[in-house]
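The structure under discussion appears below in the form of structure tokens.
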Amino acid sequence: MRTLLVDDSRTMRGIIRSIMTPLRLDEVEEAEDAPEAIAALDATTTDLAIIDGGLDGALDLVREARRRNAHMPIVMLCADTGADRIRAARAAGVTRYVVKPFTPDILSQHLDEVIDGATSRA
Amino acid sequence: MTQSVTPPAHTPLAHSALRVLDAMLQEHGEPGVPEVCDRLEVGDGVAAVFELWGSANGIVGVCFPRDAAEHIIQLATGQPPAFGAPSFDDAIAEIADTIVAGARDAIGGPDTGVSRPRLVYEGSLDAGAPGVCVPVWTESGTFFIWTAITVSAATPDNTTTGGRA
């Protein structure tokens, strides 16, 4: 499963990758901003996207990703727990909204569930 | 119209810091006793400073003495820390940003803008207004949350979040 991981923090990308490895999500493309992520989406097939909700243009990026792939799971990681933000994320096409800070177990569980969902659809 | 008051943002920020350390780094701690302080002493460490504007104005600082910063970054990255290196800055900024984002309710809500963190190494910071400093005791060492915030008298409440997270 090819994953696109979008976060402007190299540290956070490292933490997330360490959580992904035991899930055998080892085919990972990293992007640090929305333009780089869109270029990655256009360059290759992506099966799962993990997007930092605090990124500039995060919701626009979700819409772009959704426009390119209607069924790809999109996981948003965000510290904002406001109902408006969560509603907007879902409306843009986010599959799973994970609140920061998260434990490795919690993120792992969310990823496991969206992978299961994607696999059973395929 | 503004009032020169400091809303009680330091306690939610300290608790947010503990949540972040607990969740992301499995590091535990507890908040210390807040004290009024006009300046943030960075000392030999590093502070991530956030500017606020809108219905709340001022500064929030998350200040790590060097030893605590290095221990925390070691936990976060799994790598030996290189104090002051770009990777070190990135990790400090991300941890501080997550702490502040987790306390948005307490620092003005959606009508308050919060800047990206600016890192300050050594020396001290002066907000030009009285602030509150609260130590956060952790297994990695003690670090400090500093707030110097004024709020608009017209702001009815601070119960909604918004902005960067």
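Overview of results
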read-out: Positive dipole terminus of region B:1-156, leading residue within B:V114, B:I145, B:C133 (C-beta point charges); value: B:V114
read-out: Whether region B:38-120 is rounded, prolate or oblate, judged on the alpha carbon gyration tensor where a/c under 1.5 counts as rounded; value: prolate
read-out: Estimated dipole of chain B in Debye, rounded to 20 [Cβ of Lys and Arg +1, of Asp and Glu -1, Cα centre]; value: 380 debye
read-out: Computed [θ] at 222 nm, deg cm²/dmol, chain B (DSSP H ≥ 4; -39,500 (n - 2.57); rounded to nearest 500); value: -8500 deg cm²/dmol
read-out: P(r) histogram, all alpha-carbon pairs of the protein assembly as shown included - 10 Å bins from 0, percent; value: 7, 29, 33, 22, 9, 1, 0
read-out: Cα-centre dipole for the protein assembly as shown with unit charges at Cβ (Lys and Arg positive, Asp and Glu negative), debye to 20; value: 860 debye
read-out: Only Lys, Arg (+1) and Asp, Glu (-1) charged, at Cβ; region A:59-116 dipole about Cα centre in debye; value: 320 debye
read-out: Average beta carbon contacts from partner chains per residue of A:100-111, 10 Å cutoff; value: 3
read-out: Principal axis box of region A:78-122, alpha-carbon based, largest edge first, Å; value: 31, 25, 9
read-out: Stokes-Einstein diffusion coefficient of chain A, Kirkwood radius over Cα pairs, 20 °C, 1.002 mPa s, in µm²/s; value: 152 µm²/s
read-out: Restricting region B:54-157 to chymotrypsin sites (Phe, Trp or Tyr not before Pro) in coil, as DSSP defines it, with at most 16 other Cβ within 10 Å; value: B:F83
read-out: GNM top mover of B:V33, B:V132, B:V62 - chain B, alpha-carbon springs below 10 Å; value: B:V33
read-out: For region A:28-44, Karplus couplings with θ = phi - 60° (6.51, -1.76, 1.60), whole Hz, Gly/Pro x; value: 10, 9, 9, 9, 9, 8, 5, x, 5, 5, 5, 4, 5, 5, 6, 7, 7
read-out: Highest-fluctuation residue, B:T142, B:T98, B:T77 considered, GNM on chain B with Cα pairs under 10 Å; value: B:T77
read-out: Selection from A:P104, B:T11, B:I59 lying farthest towards where the dipole of the protein assembly as shown points positive, charges on Cβ; value: A:P104
read-out: Cα principal axis extents for chain B, largest first, Å; value: 49, 29, 29
read-out: Choice from A:I15, A:I51, A:I74 showing the highest fluctuation, given a GNM over chain A with Cα pairs closer than 10 Å; value: A:I15
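We did not get these values from a lab; they are worked out from the coordinates using the rules stated. If you're wondering where the values come from, they're calculated on a predicted model, not measured in any experiment. All Cβ positions, even for glycine, are placed from backbone atoms using ideal geometry, and neighbour counts span all protein chains on display.
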